[in-house]
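The values are calculated or read from the model by the stated rules, or taken from the named source; none is laboratory data. Note that the coordinates shown come from a computational prediction; the quantities given were computed from them, not determined experimentally. Cβ sites come from the backbone with ideal geometry, for glycine too, and all protein chains shown count toward neighbours. Side chains are part of the model used for accessible areas, which takes the heavy atoms of the whole protein and leaves out ligands, DNA and RNA. Shrake-Rupley method; radii C 1.70, N 1.55, O 1.52, S 1.80 Å.
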Amino acid sequence: MAKQKTIITCAITGAIHTPTMADALPFTAEDIAGQAIAAAEAGASILHLHARRPEDGGVSIDPKHFSAFLPRIKQATDAVINISTGGSLHNTIDERIAPALTFSPEMCSMNMGSINFSFHPLAKRYDSFKFEWEKDYIANSDSYIFRNTFADITNAAKQLAPHGIKFEHECYDVGHLYNLKFCMDIGLFKAPIFIQFIFGILGGIGPDIDNLIFMKRTADRLFGKDYHWSVLGAGGAQMPFAATASQMGGNVRVGLEDSLFISRGKLASNNAEQVAKIRRIVEELGCEVATPEEARAILDLKGGDKVAF
Ligand code: KMH
Ligand code: ZN
């Protein structure tokens, strides 16, 4: 049987990192679009997108900030657009799904459980910040619960169902796989599902390869052939986890949302540099990278002509 091609997702800016941490982190519409397009040209077939306030890089869930870059990316690439429903530390689930409801993308994220979600240790690494909001945003994440109750998941799934969006099921720990199985059993999500195994978020499962094997084995047991999977390692775990996942038959996610680095201690110049690196690794190790059309076929997506932007 032919080996399935590897889908590279690139997560362009996210909601964890702030402008002080890296000049490369994009937050204007021009920079988000430019880096997303370059990431697609480098080999990413899925672009996972958050929005930012153009004036100070703050995390935004305002559809107007998405509308400033979504059409540009669509015009310039064939990549699959995946809109985040993660929001920031301050948003309700209804606020978080507003951009996906507005733009009806081919994919959006769906976070599969509530966790402590913290990056407060990063606050101590900087003596000063480019923008006033950054320090408290980072430091206060120590008291943040990333809320994704069954009621929240059900609410989001039901409102988004008419849009035919494929979810990137974000699973930060083994229990989230069981939450997902429960949601499938009650008919909230249909096969084939796409699971993002996440390692290294403070509050989630740690970045140990044993945990990747355990998550994969658990998903095999729960979902059999009904699922596709990808791996995201946060920070220094990004490239090692992506390389290992590709060798286990999985797909990979890179991008400045998840790590600001290109190698140990060296900041990445942009998102495309990370995509080019994982592409090189994956191809050197004998896998082929999926085009956007191939990713659409593998994941059974509705098609780039059925979005609302
Ligand atoms: N930042 C990632 C660890 C989302 O956007 O919904 C998780 C994420 C969540 O991408
Ligand atoms: Zn995200």
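Points to keep in mind about this one:
- Summed over the residues of region 71-200 and divided among them, the accessible surface reaches 42 Å² per residue at a probe radius of 1.4 Å.
- Entry note, region 104-191: relative contact order of 45 percent, from Cα contacts under 8 Å with a spacing of 6+ residues.
- Inverse of mean 1/r across different Cα pairs in region 82-204, Kirkwood, Å: 15.4
- Put simply, the chain fits an ellipsoid with semi-axes of 25, 22, 21 Å; these come from the alpha carbon gyration tensor as the roots of five times its eigenvalues, largest first.
- Taking every DSSP bridge with both residues inside the chain, close to 20 percent are antiparallel.
- Cut-off of 10 Å, at most 14 other beta carbons, DSSP loop: longest stretch of the chain lacking such trypsin sites (Lys or Arg not before Pro): 4-129
- For the chain, the relative contact order comes to 24 percent (Cα pairs under 8 Å, sequence separation of at least 6).
- Simple rule: put +1 on each Lys or Arg Cβ and -1 on each Asp or Glu Cβ in the chain, find the dipole, and look at F129, P54, A100; the Cα lying farthest toward the positive end is A100.
- Point-charge dipole on Cβ atoms (K/R +1, D/E -1) for region 1-111, about Cα centre, debye to 20: 340
- Beta bridges by DSSP in region 79-223, antiparallel share as percent, to the nearest 5: 20
- MRE, 222 nm, helices only [DSSP H, n ≥ 4, -39500 (n - 2.57), over the chain, to nearest 500]: -11000 deg cm²/dmol
- Region 103-166: projected area of the alpha-carbon convex hull, averaged over directions, in nm²: 6.1
- Relative intensity, log₁₀ I(q)/I(0), of region 238-309 from a Debye sum that treats every alpha carbon as a point, q = 0.11, 0.23 Å⁻¹: -0.34, -1.05
- Debye, to nearest 20: dipole size of the chain, +1 on Lys, Arg Cβ, -1 on Asp, Glu Cβ: 500
- Bridge orientation summary for region 9-119: considering DSSP beta bridges with both residues in this region, about 20 percent are antiparallel.
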